[in-house]
Amino acid sequence: IKIIGEGEIKALSTSLKEMIEKLDTAQKNMQNQNQELVRNIDRIEAIDKLLMGMNMETDTYETIKKLVCGFTSEVGLGYSRAMYFRYSRENDYLIGEEVSANRSLNGETQKGFKFQVKDLKELVLFTKVSIKEENLLSRAFKEQKIIYKNDSGYKYDLGNDLLKAIGLKNFFIFPIHGAGKYSGVILVDNYTKDIQINKEELELLNLLAINFSIGINNKETTIETLEEQRVSTIEKLATRFLKLRGEVVERLIDCLKAENSGEKIISELSKIEPYLERIKDDNTALREYTGLVDKIYDRISLEKLINEVLEKYKAKFDKDKISVSFFSSTTGTIFGERRGMEKVIKELLDNSYNSLMNKKHNRRIDIILSKRKIHEKIELKVIDNGIGMSPKQLEDIYEPFITYSPQTLGLGLFFVQKIIREHGGVIKHFSEEGKSTEVKITLNVYKEEV
């Protein structure tokens, strides 16, 4: 607006010009804020996708690679370059391992050098940054926080001169901790873009760092737990399973070394026959534990199956004066695996038997089979008046290789629970130490019986 006139007219023209200039500045600021708002919304969506993708990964290194690519993807966070440096505990160095560049940089050398884009991965793979020395990368790693600079990288100590030469601009260092041997940092920048890192963006990056760390930590904890369980299982197996075999083998070796080895072996075999039967049972149990046994599902009558098992136990129970009552108000027809369900019944009867043998008088087992019509469920109860179980025994009752008897592997009730779950059922133990134990199993009724 041209200033014309004198006096009040000139003053009015000047005020009008200043007002229009302020409006123009305000409009530009509003446009910049709107653009920043859109970028932040896009970043939130990108971070959400990254975290969702991270949960689907099973390999920690692949998850980190996914994050590195997410930083530079146009459908991700859209930064120019991302470089992952893994921490080597052996060397106490951050070692370059992975690089990702935004597609928009392909062939772009006008604002930088060729090696800063096309040869970046080769440079990073040869780059090491000492953790012991004071530099930005080591600081971000040790302090486990994001460090950012809206400036050129050559002005700062990054721990390696190569990193000063790659043309960093408006960059940040993203720490990865709790990822075991894959802990480290990711160096990210805007390279040729004149975009600075603002406070809102930093808050979003911190949010990503926290959630990523939690996800990685949970994953690593699960792996460590599984490894501990595997080692613990092997230790228990060696203690109980191999001990028995060692004793049997030693006795047979002694027989072979004896003068009349043939006669000695025949004599000894009669003594170790029970041990050999136990080894045979243990082998079967371990084959089931590893899932090597084939299973065939069909229609089963629990009433008939229980009667068949009780018939096999009759002589044993009569001999030790154990009274058994079986009450059934249903056939208890289910769709199941016969061998597995037979194992369940036998295991429960064996446990009741062992508990009752610690009592001198009034040994009793009650078995009740009934049907809950409202929910179409079959309910099986096995109750004994034995010595019961302690709270600790109840807590560990379904854990594999935990046993309070030196003659067993400790897989019985582990299998019972496993079989019941495979049949879509539920098993619960109720016990009072020194008094009694009740086992309640709930299974689905066979469909044709509904």
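The values are calculated or read from the model by the stated rules, or taken from the named source; none is laboratory data. These figures come from a predicted structure and were not determined experimentally. All Cβ positions, even for glycine, are placed from backbone atoms using ideal geometry, and neighbour counts span all protein chains on display. In case anyone asks, the SASA skips ligands and DNA or RNA and just uses the protein heavy atoms, side chains included. Shrake-Rupley method; radii C 1.70, N 1.55, O 1.52, S 1.80 Å.
Determine the gain in length on full extension of the stretch Leu125-Asp157; use 0.36 nm per residue of separation and subtract their C-alpha separation, reporting nm with one decimal. Please report the intermediate quantities before stating the final value.
Values: separation 32, 0.36 × 32 = 11.52 nm, distance 1.90 nm.
That pair, Leu125 and Asp157, stretches by 9.6 nm at full extension.
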* Could you size up the charge dipole of segment 92-208 around its Cα centre, putting +1 on the beta carbon of Lys and Arg and -1 on that of Asp and Glu, and report it in debye to the nearest 20? => 140 debye
* Accessible surface, segment 79-171, averaged per residue in Å² (probe 1.4 Å) -> 54 Å²
* To do: Would you mind working out the accessible area per residue for segment 301-345, using a 1.4 Å probe, and quoting it in Å²?
  => 53 Å²
* Structure fact -> Using the Kirkwood formula on alpha carbons, the hydrodynamic radius of segment 300-368 in angstrom works out to 12.7 Å
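In the neighborhood of Leu356, defined by Cβ-to-Cβ distances under 9 Å, what is the net charge if each Lys or Arg adds +1 and each Asp or Glu adds -1? It would help to have the intermediate numbers written out before the result.
Values: positive: Lys359, Arg363, Arg364; negative: Asp320, Asp384.
Its environment carries a net charge of +1.
Can you pull out the trypsin sites (Lys or Arg not before Pro) in segment 322-360 that DSSP calls coil and that have at most 15 other Cβ atoms within 10 Å? Before the final figure, lay out each step's value.
Numbers: sites: Arg338, Arg339, Lys343, Lys346, Lys359, Lys360; in loops: Lys359, Lys360.
Qualifying residues, ordered by number: Lys359, Lys360.
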* To do: With a Förster radius of 41 Å, plug the Cβ-Cβ distance of Lys295 and Glu203 into 1/(1 + (r/R0)^6) and report the FRET value to the nearest 0.05.
  => 0.15
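When averaged across all projection directions, what area in nm² does the alpha-carbon convex hull of segment 304-440 cover?
On the way: hull surface 33.7 nm².
The Cα convex hull of segment 304-440, projected and averaged over all directions, gives 8.4 nm².
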* Structure fact -> The pairs in Lys17/Lys155; Lys142/Lys392; Lys28/Lys66; Lys66/Lys149; Lys271/Lys440; Lys271/Lys428 lying past 32 Å Cα-Cα in this model are Lys17/Lys155; Lys142/Lys392; Lys28/Lys66; Lys271/Lys440; Lys271/Lys428
* Heavy atoms only, probe 1.4 Å: what % of the accessible area of segment 82-171 goes to carbon and sulfur, would you let me know? => 45 percent
